Amino acid sequence: MKKPRVCILRTDGINCDEETFYAFEKAGAESQMVHVNQLRSKEKQLADFHILALPGGFSYGDDVHSGKILAVELTSFLKEQLSEFVSAGKLMIGICNGFQVLVRTGLLPNQRLGKIEAALTANDSGHFECRWVTLLVEHSHCVFTRGMEGSLIDIQVAHGEGKFYTDPSVIEKIEQNDQVVFRYAGIDGRPASLYPANPNGSLNAIAGICDSTGRIMGMMPHPERHVEKTHHPNWRRMPKSTVPPHGLAVFRNAVEYANQM
């Protein structure tokens, strides 16, 4: 069986591409680094891939707004390729800055390219948050979290603009359609509205969402930073078990789904 091909999108300022590349490779995929200019020139085609990954970092220095310039570039020059990719039922994941890009393209929450319906705004704490947090994996139809529903996982955050914000009508629709994939959780395992368990003040403690199909997902925490047991700062104290590192399941689920396409 051929390995599913993953397009790891690169451009100026993205700095989590190598970790995302490694995570997908460890999960059984064939990763390729692809610069956005290669897609614009059609040297590379999105159609040749099964999964599109938008890694974290600070694309174009987060000038104007976080993820804004890359989002405009994608919707202006790659709209047709993106539309065909989504219509073909393929997978897309945006992590941290990648999540910011997805909401600014309109692909999240409702696959409306060019229509912004949500935002990731400045953290309520007023500073960059770089630490480990606990996430509650919600029951949803998201491809990336199959078999993980109801569990608590430890993942690192590293962002200055991670507060999920949108209009009440939009967030109501997201909740009703089970599009919330991850929520920040407290020590009791319940959704956390307060700092520090909620590192940015996100509405409804939202840390990640998917579209209505479950094939496009964006999340602020970095699952690629917990694909090895030793990635966790307290790995020596963690009980020995067969449970894989918490972030790895996200990538394995994507690869398993792509293998069936």
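Calculated from the structure at hand, P(r) over Cα pairs in 10 Å bins from 0, in percent is found among [x] 7, 31, 35, 19, 6, 0; [y] 6, 17, 15, 12, 10, 9, 8, 7, 6, 6, 4, 1, 0, 0; [z] 7, 34, 40, 17, 2, 0 as [z].
Between amide H atoms placed 1.01 Å from N, distances below 5 Å from Val181 occur with Gly208, Ile209, Cys210, all of them 5 or more places distant or on a separate chain. Counting other Cβ atoms within 10 Å as a rough exposure proxy, the listed residues Thr145, Thr20, Thr134, Thr75 run Thr75, Thr134, Thr145, Thr20 from fewest neighbours to most. Neighbour counting of Cβ atoms within 10 Å sorts the residues Leu74, Leu194, Leu113, fewest neighbours leading, into Leu194, Leu113, Leu74.
Charges were assigned to the Cβ only: +1 to each Lys and Arg, -1 to each Asp and Glu. The resulting dipole of segment 5-259 about its Cα centre is roughly 360 debye. Taking 7 Å steps out from each Cα toward its Cβ at Ser41 and Glu175 produces label points 4.9 nm apart.
Highest mean packing first, where packing is the average number of other Cβ atoms within 10 Å per residue, the peptides 247-254, 37-44 line up as 247-254, 37-44. Reported to the nearest whole Å, the Cα centre-to-centre distance from segment 40-89 to segment 142-219 is 23. Neighbours of Gln179 by Cβ distance under 13 Å: Lys/Arg scored +1, Asp/Glu scored -1, total -3. Listed peptides 125-133, 80-88 appear in the order 80-88, 125-133 once ranked by packing, highest mean of other Cβ atoms within 10 Å at the front. At a Cβ-Cβ separation cutoff of 4.7 angstrom, cysteine residues of the chain with no neighbouring cysteine are Cys7, Cys16, Cys96, Cys130. When DSSP beta bridges are restricted to pairs lying wholly in the chain, around 60% turn out antiparallel. For Lys229, a cut-off of 17 angstrom between C-alpha atoms picks up these aspartates and glutamates, skipping any fewer than 8 places away in its own chain: Glu19, Glu25, Asp154. Just to be sure I understand: with springs between alpha-carbon atoms less than 10 Å apart, which residue in Met33, Met220, Met92 has the highest mean-square fluctuation in the Gaussian network model of the chain? In the Gaussian network model the winner is Met33.
When Lys240, Lys26, Lys115 are sorted by how many other C-beta atoms sit within 10 angstrom of their C-beta, beginning with the fewest, the order is Lys240, Lys115, Lys26.
Every number here is computed from the coordinates shown, using simple stated rules; none is lab data. All figures in this text were calculated on a predicted structure; none of them were measured in a lab. Neighbour counts are summed over all protein chains in view; Cβ atoms, including those assigned to glycine, are modelled from backbone coordinates with ideal geometry.
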